[in-house]
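Notes follow once the structure below has been shown.
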Amino acid sequence: MIRHPSLSLKLWQIVVRPKSSFSWSEEAGRHNSDTFSCFDNHFKHLLFLFEYFSHYTVDSIPASLKKIPSHAPYLLIGGGTASFAAARSIRARDPGARVLIVTDEPDLPYMRPPLSKELWFSDDPTVTETLRFKQWNGKERSIYFQPPSFYINPEEFDSAENGGVAVLTDKKVVHMDVRGNKVKLDDDTEISYDKCLIATGGVPRNLQVIERAGEEVIRRTTLFRKIEDFKSLDKASRNIKSITIIGGGFLGSELACALGRRCKTSGLEVLQMFPEKGNMGKVLPEYLSNWTTEKVKREGVKIISEALVKSVTYKDDKLEIQLKDGRLVKTDHIVAAVGLEPNVDLAKSAGLEVDSDFGGYRVNAELQARSNIWVAGDAACFYDIRLGRRRVEHHDHAVVSGRLAGENMTGASKPYWHQSMFWSDLGPDVGYEAIGIVDSSLPTVAVFAKATAKDTPKAATEKSGTGIRSESETEDTATSPVVSATPAPSEQQHKDDYGKGVIFYLRDKVVVGIILWNVFNRMPIARKIIKDGEEHADLNEVAKLFNIHED
């Protein structure tokens, strides 16, 4: 530490890079402390420091040295999609607004879907550093919503003439004082607010048998959620011989296909195990789940179905997964993709209600938990006027609920009526979009047609010009579609050929969910069908609205 009679600076905490090869350090600071002692005047002292440091470029300043705003008119807790959508919405309605995002991640707001999709198909060997990827349409973009220049520096938050959005990274809100309108960070800093959004997302679930298995097992297990998880799994997949994915849902199946393609060139063994009979068994009808399982196998993945994990141990440099039926699987690394737990850590200190059935903070139709507190994204349990109380964990819901929460924080008072969609791609050739309640325990009616070259995620994004499909479709509304005059093919024609189609999920004879299988840019029609909530005598006729029989 360099000390002066009236000035004390922790200079070694500033990471600097000299224009030569010299490196500034604490030791260098001590070495020059005698030099500084000759300056008795504040001005001379600061002038000397300025001249001295003119030979260096500042790479970064630790968060501990940054000035943290003591008050934020708009405080957004969480740095994900919902929070970013809210920030943009607030600024659109209140152009001079000062918005502060607090995130416990080291990164600026970014989109999560490419972490399990397009990033894995990049040919760029530096993709884990650039985090840039080619969408299925061939266009390149960054995983980050905006570059650093979009945001204002937190130190300039209070003085920014035209307001702006600032992001505090690596900071976690650990306590919320609702009556005092303030929060406390993990370094005991307090920030007061006028209006607050909770968009804390969720935490990946783990299997209890893994949590109890010891450090060696935990160290070789990935809970996939963040950028750092993508980087670590990418690195692991290049340095080991086998990976086992536990979980047959969206994330597990996407990662299995992505890693499966890699195994064709690298020799990596990829296994996927799940308790269901087939991939996406909780979502897709059994016949379509079986078809999807065969598709995943063709990608080079070894499927182990009806697998219930009894124990996991580390032995002879291998993880041994013991199944309840006696089967034993040996592997080098595990990816646990077994669901998400909504992050409601602030519920207790804030006195906010958590839904006992679905999890997440219970909010009203305007996404409010209190008069000046809103919740959006994965952590929000909201009331759907058509389908009842729900909690949704998908990108489109995060975008739209975040956007609406931002509008309501600026006085819009709008109810959340949007039926959010989600999508999953098993590589560039097979994908689906879904809306509403899609549960394989519900009765379904499906209409399929023969697919063409344009009926793939790749072709769909080439046409729409975007890889994150909800960005292009959420603003659309259903118009009166032109029904295809082409007659539907007979059952025999497309038996076991699920090239493209529409699957309707029914509850009390009413459509409550729809999957568009390799059918794209038709979501507004599906949304209208669910919103209308009518019984349909012939769903084959309803399927014609999607023009699936067109060539």
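The values are calculated or read from the model by the stated rules, or taken from the named source; none is laboratory data. Computed from a prediction, not measured in an experiment: that's the story for all the values here. Reconstructed Cβ throughout: ideal geometry from the backbone, glycine too, with neighbour counts over all protein chains shown. Just so you know, the surface numbers come from the protein's heavy atoms only, side chains and all, with ligands and any DNA or RNA stripped out. Shrake-Rupley method; radii C 1.70, N 1.55, O 1.52, S 1.80 Å.
In square angstrom, rounded to the nearest 10, how much accessible surface does Thr128 have for a 1.4 Å probe?
20 Å²
If you take every residue apart from Gly79 with its C-beta less than 9 Å away from the C-beta of Gly79, what net charge results, scoring Lys and Arg +1 and Asp and Glu -1?
-3
Quick check: net charge around Leu119, other residues with Cβ under 15 Å of its Cβ, Lys/Arg +1 and Asp/Glu -1?
Result for the neighbourhood of Leu119: +2.
So for His394, His549, what's the accessible-area order with a 1.4 Å probe, most first?
So the residues, ranked largest to smallest area, are His394, His549.
Got the relative contact order for the stretch 322-364 handy, in percent, Cα pairs under 8 Å and 6 or more residues apart?
RCO, the stretch 322-364: 24 percent.
Beyond 25 Å between alpha-carbons counts as too far, so tell me which of Lys277/Lys318; Lys310/Lys330; Lys134/Lys318 fall in that bin.
Checking Cα-Cα distances, Lys277/Lys318; Lys134/Lys318 exceed 25 Å.
Are there trypsin sites (Lys or Arg not before Pro) in the stretch 62-116 that DSSP marks as loop and that have at most 11 other Cβ atoms within 10 Å, and which are they?
Within the stretch 62-116, the qualifying trypsin sites (Lys or Arg not before Pro) (loop, at most 11 other Cβ atoms within 10 Å) are Lys67.
Anything over 24 Å Cα to Cα? Flag those among Lys117/Lys509; Lys67/Lys184; Lys182/Lys226; Lys414/Lys528, in the order listed.
From Lys117/Lys509; Lys67/Lys184; Lys182/Lys226; Lys414/Lys528, over 24 Å: Lys117/Lys509; Lys182/Lys226.
First select every other residue whose beta carbon is under 14 angstrom from the beta carbon of Ser159; then total the charges, Lys and Arg +1, Asp and Glu -1.
-2
Taking a ≥ b ≥ c as the square roots of the eigenvalues of the Cα gyration tensor of the stretch 299-455, is the shape rounded (a/c under 1.5), prolate (a/b larger than b/c) or oblate?
oblate
When every alpha-carbon pair in the stretch 205-339 is counted, what percent end up more than 27 Å apart?
Cα-Cα pairs of the stretch 205-339 separated by over 27 Å account for 12 percent.
Highest first, please rank the peptides 412-425, 323-336 by the mean number of other Cβ atoms sitting within 10 Å of their residues.
Output ranking for 412-425, 323-336: 412-425, 323-336.
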